[in-house]
Amino acid sequence: MAGNSPRVGVLALQGDVREHLAVLTALGADARPVRRPEELAAVEGLVLPGGESSVIDKLARAFGMFDPIRDAISAGMPMYGTCAGLILLADRIDGGIEGQQTFGGIDARVARNVFGSQTASFETDLAVPALGDPPVHAVFIRAPAVLEWGPDAEPLASLPDGRVVAIEQGALLGTAFHPESTGETRFHARFLDRVRDRRGADVVAS
Ligand code: GLN
């Protein structure tokens, strides 16, 4: 372990893994790809990248990662999901393929591809009060949105029509957009803060 750097992983089964590793490394984390249960066991937090949530779900099961990730969530490991990663952290999804599962953890219903066809993408500036100024320049790519959430989940940002596109519950954070591709680092920094908080709360660090 490199000094006190948070040791974090990016789930590297499919999706935009490299971009997340670059942001986390630039923020001073010891960041590495995670594909196997033993690699998950060696990190203090996990990013679930954008990509295709149904594919990541299938690969997670094929690689024996599904239950370990669920167990890590139950144990309180901080995680940050972008886009497909947000879908994977939601307890309920709309528009999943047959048999599609999520790791869950955020008490929310997330709808896949809610902004239109496979190619639908757009950019907008979003106020995110929890992050302060300036607003977040958000890039949405075949993005999901949160349609309903429970009392323990806290929306962090919404579109003018009220659909929630950033949400947090305990140590879990999800955004429907891709900060990793625009130089926006505040969500990753927030995730790393959660990792440090949890470390501070643990009596024994491994
Ligand atoms: N549409 C994808 C899904 O449902 C998410 C797109 C993305 O991660 N950019 O998984």
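Read-outs: derived from the displayed coordinates by stated rules, not from any lab. Keep in mind that this is a model prediction, so the values were computed, not measured. Positions of Cβ are backbone-derived with ideal geometry, glycine not excepted, and every protein chain shown enters the neighbour counts.
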About its Cα centre, what dipole magnitude does the stretch 96-206 give when the only charges are +1 on Lys and Arg Cβ and -1 on Asp and Glu Cβ, stated in debye to the nearest 20? 220 debye
With the dipole of the chain defined by +1 on each Lys or Arg Cβ and -1 on each Asp or Glu Cβ, the option from G95, F140, L11 whose Cα lies farthest towards the positive pole is L11
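Once the piece of chain linking E154 and N4 is laid out straight, how much longer is it, given 0.36 nm per residue of separation minus the C-alpha distance between them?
Difference between extended and current length: 51.1 nm.
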Once amide H atoms are built 1.01 Å from N in the peptide plane, which residues 5 or more positions from W149, or in another chain, come under 5 Å H to H? R109
Relative contact order of the stretch 129-206, pairs being alpha-carbon contacts under 8 Å that are 6 or more residues apart, as %: 27 percent
Mean separation of Cα contacts under 8 Å (at least 6 apart) over the residue count of the chain, i.e. the relative contact order in percent, is 18 percent
